[in-house]
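The values are calculated or read from the model by the stated rules, or taken from the named source; none is laboratory data. This structure is a prediction, so every number in the text was calculated from the model and none was measured. Cβ placement follows ideal geometry from the backbone for every residue including glycine, while neighbour counts extend to all protein chains displayed. For the accessible areas, the whole protein counts, side chains as well, though only heavy atoms, and no ligand, DNA or RNA atoms are used. Shrake-Rupley method; radii C 1.70, N 1.55, O 1.52, S 1.80 Å.
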Amino acid sequence: MSFNTFGRVLRFTTWGESHGPALGAVLDGCPPGIALTESDIQPWLDKRRPGTSRFTTQRQEPDQVRILSGVFEGRTTGTPISLMIENVDQRSKDYSDVAKAYRPGHADYAYDAKYGFRDYRGGGRSSARETAARVAAGAVARQVIQAVQIRAYVSEIGGDVIDRAKFDDAQIDANPFFCPDADAAQRWERIVDEARKSGSSVGAVVECVATGVPAGWGAPLYAKLDSELAAAMMSINAVKGVEIGDGFAAARLRGESNADPMRPGPDGKPDFLANHAGGIAGGISTGQPVLVRVAFKPTSSILIPVETIDRTGEAADIMTKGRHDPCVGIRGVPVVEAMMALVLADQMMLHRAQCGG
């Protein structure tokens, strides 16, 4: 069976394919009375919209969202919220070779092995196009948790890492890479251009920080905030790794170095002297910033021929024509933010259901 729904109290289902007439999301469980219009959603979709620079796919999609249900006079009604985004720039003919053979690294073979049938036009549900629906849903979740600020940025492209001493939040929206280091952004222009011109692609790491998350969100043992975040991020197409806080680096530390020391703070709350845990302990938020790091693999649709097999099992080579992201992680920034918002809103509602307040 297929699973297209995520969340426990605030649940969302995405629908649609890369080259279908439209795609979208349905959110159920949203509290009533939340202010919501299409103008609250559109700015986030504009951040992930394709064709905004030479460093992303040149597919031209306006990504205009329509609210079809669940909102009356600018406020949520408590009933399912249906969101729709039309596809207007499909070029299915670009995928004629993909219909015959599998792209190594893509989901082509896996989908065929599972279903015995697949939508080869742009990858169908396995396309990064599906993430537009997540961003729309995430915009609604942001309205539910307005006290929480969520900010994501690219920290690494093609193995080239930002200099954290040069971190400048204002730079994130000032360059096409969502990069907080102006010098790194200049280097990345060359890295992504070289990959694009050679017909290849590069991977990226996206970091996301949520501030204003109070202590107490999350539930042991099977609804841990960090496990929910990890599942949410891993559900994004092209994501192959997730870290919470220091992540794998914590395995190389001693206990005293990995600890997050505390001292008495204002209002009886602790003053943390470090945040190696990424704002989560025992699956429950500590009140510190929640930090998630997400690794995106290089785009599998490339112009360089790669060895593969066709649908009959015969050896073949494949190169993918059409318009593809030379670094899909760049447009992953608003998607990671959306999934962070959806998980946090869901966990807030779970916490309220059990503990009140």
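Descriptive notes on the structure:
- Residues (in contact (Cβ under 8 Å) with a residue 12 or more places away in the chain and among the hydroxyl-bearing types (Ser, Thr, Tyr)) located in segment 167-223: 198, 200, 201, 211
- Cross-chain or 6+ apart pairs with Cβ under 7 Å, segment 61-81 first and at pLDDT below 95, then open to solvent by 40 Å² or more (accessible area, probe 1.4 Å) and not acidic (Asp, Glu): 61/49; 61/88; 62/88; 63/49
- Restricted to segment 166-176, and to residues there that are of a type in the set (D, E, K, R) and in a loop (DSSP other than H, G, I, E, B), the residue that is nearest to the chain's Cα centre (by Cα) is 173.
- Residue-level analysis places residue 267 outside the set of residues that are in a loop (DSSP other than H, G, I, E, B), more than 30 Å from residue 192 (Cα to Cα) and of a type outside the set (Val, Ile, Thr).
- Apart from one condition, residue 234 fits all of (1) under 27 Å from residue 344 (Cα atoms); (2) touching a residue at least 40 places away in the same chain (Cβ under 8 Å); (3) of a type outside the set (Lys, Arg); (4) open to solvent by 40 Å² or more (accessible area, probe 1.4 Å); the exception is (2).
- Test result for residue 137, open to solvent by less than 30 Å² (accessible area, probe 1.4 Å), within 17 Å of residue 229 (Cβ to Cβ) and not charged (D, E, K, R): yes
- Of all residues in segment 297-310 being in contact with a strand residue (DSSP E or B) (Cβ under 7 Å, 6 or more places away or on another chain) and assigned to a loop (DSSP other than H, G, I, E, B), the one that is modelled with the highest pLDDT: 297
- For residue 329, the requirement of being open to solvent by less than 20 Å² (accessible area, probe 1.4 Å), within 28 Å of residue 27 (Cα to Cα) and assigned to a loop (DSSP other than H, G, I, E, B) is met.
- Top-ranked residue in segment 191-211 [being touching a Ser or Thr at 6+ places or on another chain (Cβ under 9 Å) and charged (D, E, K, R); ranked as nearest to residue 331 (Cα to Cα)]: 207
- Residues located in segment 270-322, provided they are of a type in the set (A, V, I, L, M, F, W, C), open to solvent by less than 30 Å² (accessible area, probe 1.4 Å) and within 30 Å of residue 345 (Cβ to Cβ): 274, 280, 290, 292, 294, 296
- Residues that are more than 23 Å from residue 234 (Cα to Cα) and charged (D, E, K, R) within segment 1-45 comprise 38, 40, listed in sequence order.
- Residues of segment 120-165 that are assigned to a loop (DSSP other than H, G, I, E, B), under 19 Å from residue 233 (Cβ atoms) and either without any contact (Cβ under 8 Å) to a residue 24 or more places away in the chain or among the aliphatic types (A, V, I, L, M) (or both): 145, 148.
- Residue satisfying condition, being touching a helix residue (DSSP H, G or I) at 6+ places or on another chain (Cβ under 9 Å) and open to solvent by less than 10 Å² (accessible area, probe 1.4 Å), within set 17, 61: 61
- Within the set 278, 357, the sole residue that is of a type outside the set (D, E, K, R) and either in contact with a Leu (Cβ under 9 Å, 6 or more places away or on another chain) or assigned to a helix (DSSP H, G or I) (or both) turns out to be 278.
- Sole exception among (1) surrounded by 23 or more Cβ atoms within 10 Å (Cβ to Cβ); (2) of a type outside the set (S, T, N, Q); (3) farther than 22 Å from residue 303 by Cβ for residue 192, by number: (3)
- Count of segment 163-181 residues which are crowded, with 16+ Cβ neighbours inside 10 Å and farther than 20 Å from residue 201 by Cβ: 4
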